[in-house]
Amino acid sequence: MVAPSPTSMRVRTRKTKAVGIPTIDLSMERSELSEQVVRACEEYGFFKVVNHNVPREVVSRLEEKGTEFFSKSTSEKTQAGPATPFGYGCRNIGLNGDMGDLEYLLLHTNPLSFTETSKTIANDPTKFSCAVSDYIEEAKELACKILELVAEGLWVPDKFSLSKFIKDVDCDSVLRINHYPPVNKNQDQYEQLDQARVGFGEHSDPQILTIMRSNNVGGLQIETPDGLWLPVSPDPNEFFVMVGDALQVLTNGRFVSVRHRALTNAAEARMSMMYFAAPPLNWWISPLPKMATPHNPSLYKPFTWAQYKQAAYSLRLGDTRLDLFKVQ
Ligand code: GA4
């Protein structure tokens with residue numbers, strides 16, 4: 001039996017400090033760039049990218065569509081749900097009782113799928129799916145560029161050996177738009193207690209790479225290797241990159257997927273958009289040949305993305321699901 005988590009978990013926020021999230025300038029010279037990307041993936045599994053070349057207009061169009069949707073009435077929004085697997089979700093996360101103080105849209109990045117889902121979401125589904133499609137294309141390109149830099153920085157012979165996982169037409173990548181409504185007056189009492197509500201509980205992302213962008217409202221925190229929760233200053237013009245579980249396996253544990261969470265301690269609504277880059281369901285995931293050697297054998301049993309997803313959905317949000325695939 002899986003115990004449901006409390007609707008509004010609260011966490012102490014005092015033991016956090018605002019230091020050191022790596023910022024990577026993508027316009028930098030390539031060999032220096034690939035080194036920096038690898039270092040950030042090793043140290044934090046998380047970094048910010050600037051000079052990414054994603055047109056602002058593509059981002060603002062999706063943000064506009066998100067804002068439009070979340071400002072609809074509850075009954076209208078509910079018609080686009082539940083998000084099992086795709087559409088509108090509210091408070092429920094996954095299938096095993098996890099809850100958060102948020103509402104969201106989950107879309108598969110396959111055009112046939114999101115075009116269909118758009119019909120229940122928007123008054124003008126064509127415009128909505130066009131905004132989604134343009135955003136996905138940019139996020140995918142950015143994710144591929146980063147994975148190619150990673151391959152170069154790791155001296156893997158084939159520069160495309162990681163990006164090919166997320167380029168295939170059948171890839172299982174997902175787009176998520178999270179909306180954390182502003183907290184009500186009662187929040188004050190929690191702030192006095194130095195506590196905040198958990199909008200989305202701590203977890204790592206199962207996929208290869210996550211490209212995240214939010215409006216100018218804070219709330220995201222990442223866990224540092226020494227176990228501190230580090231608040232991430234929002235930056236609506238830039239993107240944040242997270243290492244997911246599958247990339248941890250592909251690099252044989254050299255990179256570690258970053259645990260993160262979102263708090264709703266703001267007076268304004270926070271909206272974030274995440275592109276979760278994943279391979280096709282039937283693709284096998286195991287360390288790249290260069291990353292596992294007789295002296296450094298694979299830490300994980302091989303699995304398909306479908307098997308890993310199934311494991312993720314059978315567990316709770318905060319579980320370390322990679323443990324199930326560790327070589328004993
Ligand atoms: C975390 C990353 C993505 O948001 C997501 C989430 C998914 C969901 O919300 O349905 C999961 C979560 C995420 C990991 C464990 C399982 C699955 C909720 C949950 C409890 C869409 C994903 O792919 O995995």
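Values computed for the structure shown
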item: Gap separating the Cα centres of segment 294-314 and segment 34-72, nearest whole Å; result: 27 Å
item: Residues Arg91, Arg197 arranged by fewest to most Cβ contacts within 10 Å; result: Arg91, Arg197
item: 0 to 90° range, to nearest 10: angle between helix 125-153 axis and the chain longest Cα axis; result: 30 degrees
item: Computed over the chain: relative contact order in percent, which uses C-alpha pairs under 8 Å that are six or more apart; result: 22 percent
item: Hits among aspartates and glutamates - C-alpha to C-alpha of Lys127 under 15 Å, sequence gap 8 or more where chains match; result: Glu57, Glu63, Glu64, Glu68, Glu116
item: Average projected area [Cα convex hull, segment 23-325], square nanometres; result: 15.5 nm²
item: Folded to 0 to 90 degrees: helix 56-70 orientation relative to the chain principal axis, Cα; result: 40 degrees
item: Segment 55-157: chymotrypsin sites (Phe, Trp or Tyr not before Pro) falling in loop per DSSP and having at most 10 other Cβ within 10 Å; result: Trp155
item: Equivalent ellipsoid dimensions for segment 88-145 as semi-axes, Å, which come from the Cα gyration tensor, largest first; result: 23, 17, 10
item: Out-of-range pairs (alpha-carbon distance over 18 Å; input Lys164/Lys301; Lys48/Lys326; Lys140/Lys164; Lys140/Lys290; Lys48/Lys145; Lys48/Lys140); result: Lys164/Lys301; Lys48/Lys326; Lys140/Lys290
item: Order of Ile208, Ile285 under a 10 Å beta carbon neighbour criterion, fewest first; result: Ile285, Ile208
item: Burial ordering of His260, His52, His108, His295, fewest other beta-carbon atoms within 10 Å first; result: His295, His108, His52, His260
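A short reminder: the numbers here are calculations on the coordinates, not readings from a lab. This structure is a prediction, so every number in the text was calculated from the model and none was measured. Backbone-built Cβ (ideal geometry, glycine too); neighbour counts: all protein chains shown.
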